1. For the range 313-347, which residues satisfy the criterion of being buried (at least 24 other Cβ atoms within 10 Å of the Cβ) and acidic (D, E)?
2. Run down Q124, Q107, Q135 and say which single residue is part of a helix (DSSP H, G or I), surrounded by fewer than 17 Cβ atoms within 10 Å (Cβ to Cβ) and polar (S, T, N, Q).
3. Looking only at residues in the range 174-187 that are under 20 Å from G388 (Cβ atoms) and out of contact with any strand residue (DSSP E or B) (no Cβ under 6 Å at 6 or more places or on another chain), which one is least open to solvent (accessible area, probe 1.4 Å)?
4. Have a look at Y258, Y194 and point out the one that is open to solvent by 10 Å² or more (accessible area, probe 1.4 Å), touching a helix residue (DSSP H, G or I) at 6+ places or on another chain (Cβ under 9 Å), at pLDDT 95 or above and hydroxyl-bearing (S, T, Y).
5. From the list E149, E74, E98, E87, exactly one residue is open to solvent by 40 Å² or more (accessible area, probe 1.4 Å), in contact (Cβ under 8 Å) with a residue 40 or more places away in the chain and either touching a Lys or Arg at 6+ places or on another chain (Cβ under 6 Å) or over 20 Å from P37 (Cα atoms) (or both). Which is it?
6. Take the residues in the range 224-233 that are in a helix (DSSP H, G or I) and within 23 Å of D369 (Cβ to Cβ); name whichever of them is least open to solvent (accessible area, probe 1.4 Å).
7. Which residues, counting only those in the range 110-121, are touching a residue at least 60 places away in the same chain (Cβ under 8 Å) and assigned to a helix (DSSP H, G or I)?
Amino acid sequence: MRRLTPVLALGALLLTALPAHAADGPAHRESYGTKAPYAPQQNPHGYQQPPAGFTPVFTENVSRHGSRAATDSEDGDLILALWDKAEAEGQLTRKGKEFGPKVRALQAAMAQVGYGNLSGRGKQELKDAAVRMEQRLPSLFGKIAADGEKIDVVSSGQGRAVDSGTAFTDALADADPALKPLIGPARIDKDLLYFHKAAGGAAYRDYIANDQRLAGTLKSITDQPRTHRAARSVLRGLFKDAFVEQIADQVPAAQAVYNLYAIAPAMSEESPDGAGWGMERYVSRSDAAWFGYLSDVEDFYEKGPGFADSDITYKMAGVLLDDFFERAEAERDGTGGLGAELRFTHAEEIIPLAALMGLPGSTEPTTPDRPYTYADNPWRGASVAPLGANIQWDVFQKGDRYLVRMLYNEKETAFRTGCRPITRGSKFYDLDELERCFGRA
């Protein structure tokens, strides 16, 4: 989550309908934003059966890397510097006294894993997803093994994406050893799976760095009284009031505490007893919900549906959507030679792809006078792109007809409005109908 920095004033922009607080009910996944650990979204016994005579002939997916350590030690370093000073001055609360040692232990665990690297939980998330894929499509993987079809594996090249691919394919091979010689070798394609940092993302990077409407909107939503109240609330749980008042930049300090709260579930296997770090003890439900909302604000405007009059945040995902279509079309045309295409990437790719495809929760951009709020927009980072998020297309054949079924975080999901399934309520679509619907016919 970006720390507050001075940005140009928003001028006459009037922001309304901001929630006084995001949620005061039971703790829920939303408060973790895109740091929420992965959970499949559908019971495996609830999937629709393909129409009579159709058999699976190809599958392809794109997965975000699994749960990981924080990308660096900045948050822990910031709050521990304050904690050490408060301890020396006798300014710690009862909870505050136990907080510092827990943060140091969490920092040590993340350093051991390697900042930005997959945690034990992250590796298990990918392994479990691979096993479930094989169990959903046993006849397909049996066909792949019998026919000697290749399974292509490609990643962004970043360590956590590469390691996610390895965890996934190792588990797939363990589930069916006959697949092992057909997998890989893994390859790297940054243009496809790290497009926000590749040549195709140049205009996007300029938008992030220089767009004044973006900067002004983020500042206006974030730098408001509710944020400052939440920051003081978080800090007063750790430090005595007199010390809190001495902290010049309270919001960045509280954000550091929130960021540790948000990453802790991803590191649960590395906790002393394997049960978790208990960081929720130091951030109230309402404060966590508010900072989670602010994290979602940033991701919504920088990676997601964003502003209604611009597609700058997600247009670049077209390269990945094109690849999905090209692989399915190659299977239909008999030119693919693959049984499966497995891709491993990041939130910066999953979130724009979800917006471009019009996946659930990613269909509603905002206007300058009606900003993103939980009250009137369904976008939630924890649902759109949790750690381990994935989008999968399964291709089924009967004669010369090809159907496609989409899973989003392992839930059968309709394609965007305007795409017609084979029958009302079905999750199966003719490939040529999808080509028409997405303008590829």
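The values are calculated or read from the model by the stated rules, or taken from the named source; none is laboratory data. Treat the numbers as computed from the prediction; the structure is a model and nothing was measured. Cβ coordinates were reconstructed from backbone atoms using ideal geometry, including for glycine residues, and neighbour counts include every protein chain displayed. With ligands, DNA and RNA removed, areas are computed over all heavy atoms of the protein, side chains included. Shrake-Rupley method; radii C 1.70, N 1.55, O 1.52, S 1.80 Å.
1. Passing the criteria: only E341.
2. Details: Q124 fails: surrounded by fewer than 17 Cβ atoms within 10 Å (Cβ to Cβ); Q107 fails: surrounded by fewer than 17 Cβ atoms within 10 Å (Cβ to Cβ).
None of the others qualify; the one that does is Q135.
3. Taking the range 174-187 as the starting set, the residues that turn out to be under 20 Å from G388 (Cβ atoms) are 174-175, 183, 186.
Those still in the list that are out of contact with any strand residue (DSSP E or B) (no Cβ under 6 Å at 6 or more places or on another chain) too: 174-175.
Details: D174: 126, A175: 48 Å².
Looking at residues that are under 20 Å from G388 (Cβ atoms) and out of contact with any strand residue (DSSP E or B) (no Cβ under 6 Å at 6 or more places or on another chain), I get A175.
4. Values: Y258 fails: open to solvent by 10 Å² or more (accessible area, probe 1.4 Å).
Exactly one of Y258, Y194 is open to solvent by 10 Å² or more (accessible area, probe 1.4 Å), touching a helix residue (DSSP H, G or I) at 6+ places or on another chain (Cβ under 9 Å), at pLDDT 95 or above and hydroxyl-bearing (S, T, Y), namely Y194.
5. On the way: E149 fails: open to solvent by 40 Å² or more (accessible area, probe 1.4 Å); E98 fails: in contact (Cβ under 8 Å) with a residue 40 or more places away in the chain; E87 fails: in contact (Cβ under 8 Å) with a residue 40 or more places away in the chain.
Being open to solvent by 40 Å² or more (accessible area, probe 1.4 Å), in contact (Cβ under 8 Å) with a residue 40 or more places away in the chain and either touching a Lys or Arg at 6+ places or on another chain (Cβ under 6 Å) or over 20 Å from P37 (Cα atoms) (or both) holds for just one of E149, E74, E98, E87, which is E74.
6. The initial filter retains those residues of the range 224-233 that are in a helix (DSSP H, G or I), namely 225-233.
So of that shortlist, the ones also within 23 Å of D369 (Cβ to Cβ) come out as 225-227.
Working: P225: 87, R226: 26, T227: 0 Å².
In this case the residue turns out to be T227.
7. First pass over the range 110-121, keeping only residues touching a residue at least 60 places away in the same chain (Cβ under 8 Å): 110, 112-113, 119-121.
If the condition is that a residue be touching a residue at least 60 places away in the same chain (Cβ under 8 Å) and assigned to a helix (DSSP H, G or I), then M110, Q112, V113, G120, R121 are the ones that fit.
To keep it simple, each residue is scored yes or no on (1) surrounded by fewer than 16 Cβ atoms within 10 Å (Cβ to Cβ); (2) under 24 Å from the mean Cα position of the chain (by Cα).
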| residue | (1), (2) |
| --- | --- |
| L387 | no, yes |
| N390 | no, yes |
| V395 | no, no |
| Y402 | no, no |
| R405 | no, yes |
| Y429 | no, no |
| D432 | yes, no |
